[in-house]
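Read-outs: derived from the displayed coordinates by stated rules, not from any lab. Here the structure is a predicted model, which means the values were calculated and not measured. Cβ coordinates were reconstructed from backbone atoms using ideal geometry, including for glycine residues, and neighbour counts include every protein chain displayed.
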Amino acid sequence: MYTSKITGLGYYVPENIVTNDDLSKLMDTNDAWIQERTGIKERRHIKKGDGNSTSVMAVKASTIALERAKLVPNDIDMIVFATLSPDMYFPGGGVEVQEMMGMRTIPALDVRNQCSGFVYAISVADQFVKTGMYKNVLVIGSENHSGGLDFTTRGRNVSVIFGDGAGAVVVSRNETGKGGILSTHLHSEGQHKNELSLKGPSTEHWVPQIIAENPQEDIPYYPVMNGQFVFKHAIVRFSEVIREGLEANNLEVKDIDMLIPHQANLRISQFIQHKLKLTDDQVFNNIQKYGNTTAASIPIALTEAWEEGKIKEGDLVVLAAFGSGFTWGSVIIRW
Ligand code: ACO
């Protein structure tokens with residue numbers, strides 16, 4: 001068996017900054033409420049005509065990740081693309097990246113695990129590299145939330161939270177013999193699927209039905225979230241899966257150099273930090289600037305932390321996520 005490591009990483013966010021005050025012009029909300037409940041000050045939204053889409057942003061982030069890995073598109077053996085907001089209903093975004101980056105006819109796998117999507121995607125890449133089947137796997141998380149949110153007061157508990165952006169990493173065979181991805185742990189609990197979901201369009205809520213019924217209140221094509229329920233489960237599962245990963249490697253919380261939690265909500269990150277007794281230096285958050293970018297949030301935060309020199313060779317880096325499904329997971333990395 002081989003081991004795998006992250007050899008390159010990058011992110012891209014649209015230039016268009018949307019502040020809480022901007023949102024309060026569209027719906028009954030305000031900066032104080034949003035900051036107090038979520039920590040978010042602003043987020044990025046794709047602007048009509050700026051050329052961005054989920055796959056275009058994915059390519060921009062991936063191009064940076066490949067450059068840093070000192071690889072060209074032909075070196076990539078597989079794409080694993082996590083998103084809940086693909087450009088098309090089908091096919092998924094992976095094939096669009098394959099085409100736009102001019103890659104060989106390599107496999108392109110789409111992962112649908114929402115906020116846990118990137119952690120699931122890393123785990124898939126890790127398995128393919130560990131077995132020796134592939135040498136370099138491009139792992140992407142990218143989201144265009146602004147194209148599908150309800151920006152009226154009806155949708156305010158959801159729409160103020162989410163932002164657009166993309167992050168990507170290259171998971172490669174670890175030729176150094178040192179460190180790398182030590183473990184991944186993944187979970188799901190489908191009984192809570194309705195607590196954070198978007199019902200249609202789907203085969204259960206297909207387009208003609210949506211048009212025919214045209215429900216004024218129960219609109220199946222906007223996401224719905226039971227915020228307090230999600231919060232309560234998130235704080236339990238985050239801590240559990242971080243400890244599970246550490247224990248599998250005979251490590252302890254005090255060994256963590258950097259925790260990159262999925263940027264769900266600053267209050268959730270702070271709660272986990274407090275529960276695990278981590279210092280401010282051991283946890284990285286950037287939700288204040290970008291909102292919750294779902295599958296993109298971990299690779300964006302990981303890249304920013306790395307660019308700021310907060311992740312160095314030999315550091316123990318922990319990625320952890322929780323989200324719709326519910327699904328959750330952790331990745332333990334010796335950088
Ligand atoms: N602006 C102003 N008021 C609002 C807004 C808004 N954007 N959204 C909701 N409200 C109002 C509600 O209507 C409600 O009013 P009422 O008391 O008159 O009925 C009041 O604020 C309180 O609403 P709650 O939903 O109870 O607010 P809560 O304190 O739970 O905060 C929040 C909502 C921020 C969503 C919180 O539940 C939370 O953090 N949940 C975690 C879920 C989460 O972070 N999800 C992120 C995505 S999922 C993931 O990534 C894992």
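Would you pull out the residues with amide H under 5 Å of SER4's amide H, same chain only if 5 or more places away, H placed 1.01 Å from N?
For SER4, the qualifying residues are ASN174, ILE181.
Where the centre of each part is set by its Cα atoms, how far does the range 1-79 sit from the range 82-147, in angstrom?
So the two Cα centres are separated by 15 Å.
Evaluate the charge dipole of the chain about its Cα centre and quote only its size in Debye, nearest 20, assuming +1 on the Cβ of each Lys and Arg and -1 on the Cβ of each Asp and Glu.
Details: 32 positive and 39 negative charges, 92 e Å.
Result for the chain is approximately 440 debye, rounded to the nearest 20.
With only alpha-carbon atoms counted, please give the Rg and Dmax of the range 123-215, in Å.
19.6, 60
Using Cα springs under 10 Å in a Gaussian network model of the chain, which residue among GLY323, GLY102, GLY92 shows the largest mean-square fluctuation?
Per the Cα network of the chain with a 10 Å cutoff, GLY102 tops the list.
Can you list the residues, at least 5 places off or on another chain, whose amide H is less than 5 Å from the amide H of VAL283, using H built in the peptide plane?
LEU259
Identify which of PRO201, PRO86, PRO223 has the largest mean-square fluctuation in a Gaussian network model of the chain, with springs joining Cα atoms closer than 10 Å.
Evaluated over the chain, the most mobile residue of the options is PRO201.
Assuming 1.306 mPa s and 10 °C, estimate D for the chain with Stokes-Einstein, Rh taken as the Kirkwood radius over Cα pairs, in µm²/s.
On the way: Rh = 19.9 Å.
Estimated via Stokes-Einstein, D reaches 80 µm²/s.
Nearest 500 deg cm²/dmol is fine: what mean residue ellipticity at 222 nm does the chain get from its DSSP H runs of n ≥ 4 alone, each adding -39,500 (n - 2.57), divided by its residue count?
Working: 11 runs with 109 residues, N = 335.
About -9500 deg cm²/dmol.
Starting from 0.36 nm per residue, how many nanometres of slack lie between ARG154 and ARG37 once their C-alpha separation is accounted for? Show your work: numbers first, answer last.
Working: separation 117, 0.36 × 117 = 42.12 nm, distance 1.75 nm.
Roughly 40.4 nm would be gained on extension.
PHE231 to PHE90: extension gain in nm, 0.36 nm per residue of separation minus the Cα-Cα distance? Walk me through the numbers before you get to the answer.
Details: separation 141, 0.36 × 141 = 50.76 nm, distance 3.13 nm.
Going from the current span to full extension adds 47.6 nm.
Any chance you could give the angle, 0 to 90 degrees and rounded to 10, that helix 266-276 forms with the longest Cα principal axis of the chain?
40 degrees
For the pair GLN216 and ASN249, what calculated FRET efficiency results from E = 1/(1 + (r/R0)^6), where r is the Cβ-Cβ distance and R0 = 51 Å, to the nearest 0.05?
On the way: r = 52 Å, r/R0 = 1.03.
Efficiency computed from Cβ-Cβ geometry: 0.45.
Extent of the range 4-177 along each principal axis, from alpha carbon coordinates, in Å, largest to smallest?
For the range 4-177, the Cα extents along the three principal axes come out at 54, 32, 25 Å.
Mind checking which lysines have their C-alpha under 28 Å from LYS60, skipping anything on the same chain fewer than 8 residues away?
Answer for LYS60, where 28 Å is the Cα cut-off: LYS5, LYS41, LYS47, LYS48, LYS70, LYS130, LYS135, LYS289, LYS310, LYS312, listed by chain and number.
Set Lys and Arg Cβ to +1 and Asp and Glu Cβ to -1, take the dipole of the chain about its Cα centre, and tell me which of ASN226, SER324, PRO73 lies farthest positive.
So the residue furthest toward the plus end is PRO73.
Top mean-square fluctuation among ASN286, ASN194, ASN214, Gaussian network model of the chain, C-alpha springs under 10 Å?
ASN214
Grab every C-alpha pair in the range 181-334, bin the distances at 10 angstrom width from 0 up to the longest one, and report whole percents.
Reading upward from the zero bin: 10, 37, 30, 14, 7, 2.
Restricting to DSSP loop positions (anything but H, G, I, E, B) with no more than 10 other Cβ atoms inside 10 Å of their own Cβ, which trypsin sites (Lys or Arg not before Pro) remain in the range 42-110?
On the way: sites: ARG43, ARG44, LYS47, LYS48, LYS60, ARG68, LYS70, ARG104; in loops: LYS47, LYS48, LYS70, ARG104.
Here the sparse-neighbourhood loop sites are LYS48, LYS70, ARG104.
Enumerate by residue number the chymotrypsin sites (Phe, Trp or Tyr not before Pro) in the range 25-133 meeting two conditions: DSSP loop (anything except H, G, I, E, B), and at most 14 other Cβ atoms within 10 Å of the site's Cβ.
Hits after loop and neighbour filter: TYR89.
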